[in-house]
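What follows is a short report on a single structure.
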Amino acid sequence: MNDKLKSVLLELVNKKLRRYINNLLDLQRIIDDKNHSETHNGKKQNHETDVKRINIEITQINIEIEKLENMIKNIYKDEFGLCIQCGKSISFQRLILNPALKTCFECSI
Ligand SMILES: [Zn+2]
């Protein structure tokens, strides 16, 4: 994969990272609001399930962020964009959809 395509991917990854970080901030704000409102109406049961659900979401977002950060670390290595199973190039279209992909279409099915 040439450097021009890599910079397109990097730009995309940076956008995704920014979106994830905004999501994290939003979720944190929701938790803060809930902690605050809880002291007023004491709906503890609902509050706990909501917070649990939000924490799962936060964990998932952090996993995605880690994948993208790893992708950024590896993007200028020669093996970037090659399937880890068969060694063929992963199509650019696939990487655009998910820059953290490590396998080609054939190996992923
Ligand atoms: Zn493959």
Final fewest-first order of HIS36, HIS47 on the 10 Å Cβ neighbour count is HIS36, HIS47
In straight Cα distance, which aspartates and glutamates are under 18 Å from LYS67, not counting same-chain residues fewer than 8 positions off? GLU11, GLU57, GLU79
What number, in nm² with one decimal, is the all-direction average of the projected area of the convex hull of the alpha-carbon atoms of the chain? 8.1
Answer in debye to the nearest 20: the dipole magnitude of the chain about its Cα centre, from +1 Lys/Arg and -1 Asp/Glu charges placed on Cβ, is 180
Approximate spin-label separation ASN2-GLU48, in nm, with each point projected 7 Å along Cα-to-Cβ: 6.0
Nearest 10, in degrees from 0 to 90: the angle of helix 3-41 to the longest Cα principal axis of the chain is 10
For region 3-108, what is the relative contact order in percent, using Cα pairs closer than 8 Å and at least 6 residues apart in sequence? 26
Just want the answer: with Cβ charges of +1 for Lys and Arg and -1 for Asp and Glu, which residue in TYR20, GLN93, THR59 is farthest toward the dipole's positive end in the chain? GLN93
Which entries in LYS16/LYS88; LYS15/LYS88; LYS77/LYS102; LYS52/LYS73 show an alpha-carbon gap greater than 20 Å? LYS16/LYS88; LYS15/LYS88; LYS52/LYS73
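Any read-out appearing in this document is the output of simple, stated calculations on the displayed coordinates, not a laboratory observation. On a predicted model such as this, the values are computed, not experimentally measured, just so you know. Because the Cβ atoms are built from the backbone with ideal geometry, glycine has one as well, and the counts that use them run over all protein chains shown.
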